[in-house]
1. Which value in nm describes the separation of the simple spin-label points at residue 68 and residue 143, placed 7 Å from the Cα toward the beta carbon?
2. Over 20 Å between C-alpha atoms is what I'm after, so list which of 2/24; 28/108; 3/144; 3/68; 24/144 land there.
3. Across region 4-144, what fraction of all alpha-carbon pairs, as a whole percent, falls in each successive 10 Å bin from zero upward?
4. Taking 20 °C and 1.002 mPa s as the conditions, I'd like the Stokes-Einstein D for region 1-72 in µm²/s, using the Kirkwood hydrodynamic radius from alpha carbon pairs.
5. So what is the 222 nm mean residue ellipticity for the chain from helices alone, if each DSSP H run of at least 4 adds -39500 (n - 2.57) and you divide by all residues, rounding to the nearest 500 deg cm²/dmol?
Amino acid sequence: MKKTHYTVGFLFDQKKERVLLIRKNRPKWQAGRLNGVGGHVEEGETADVCMHREFHEEVWYNFLLAPKWHHYAQMESSEFIIDCFAATGDVSACHGKTDEPVEIIDVKQINGLRVTDMIENLPWLIAMAIDFLEDGRPAFANIKYV
C-alpha cells in the first residue's frame, strides 16, 4: 500500500508568541479543529515545494515576504508520511483564501484548548517547532506512529 504524503506548517510571529493555524472543514475527522496549514504532496512534488504551494493556496500573504520554511520533523505510519515545517513572519498580515478560516492563536493558549478544538498532536508539534526555530534543535525529528 502506498502511503499518503502530506505537509503541515506553523507560521509564528517573530517572538514566537503567536501562531497561525487553520480551522479545518476537511477531511471530516478534522472538521472544526485547528491544525497547521498544509496538504497533500502531489505526484512529482517535493515536501518543500508542497509546503510553499499549500501556504500560497490557503493563506493570503505578501508574496514578496513569503516565509522561509524550515523542515524540522517527519511523522510516519503504515498509512501516511507528514513532513512538518516551521517559519516566522508577519502573522497579522495573513488572511484565509478558502472556506477554511485562518486564526492567530497565542501559543500559551494551545495547551488549554480542548482536544475537540484541535488536532491532538498540535501542542507538541508547536512546542517542537518553536524549539527548533530558537536554536536549531532538534536538528530533525522522525516520529513513528505504530
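1. It works out to 2.5 nm between the two label points.
2. Result: 2/24; 28/108; 3/68; 24/144 exceed 20 Å.
3. Pair shares across the bins are 12, 46, 38, 4.
4. So the translational diffusion coefficient is about 161 µm²/s.
5. That comes out to -5500 deg cm²/dmol.
Bear in mind these aren't lab numbers, they're just calculated from the coordinates by the rules spelled out. Since we're looking at a predicted model, the values are computed, not measured. When we count neighbours, we look across all protein chains shown, and the Cβ atoms used for this are built from the backbone with ideal geometry, even at glycine.
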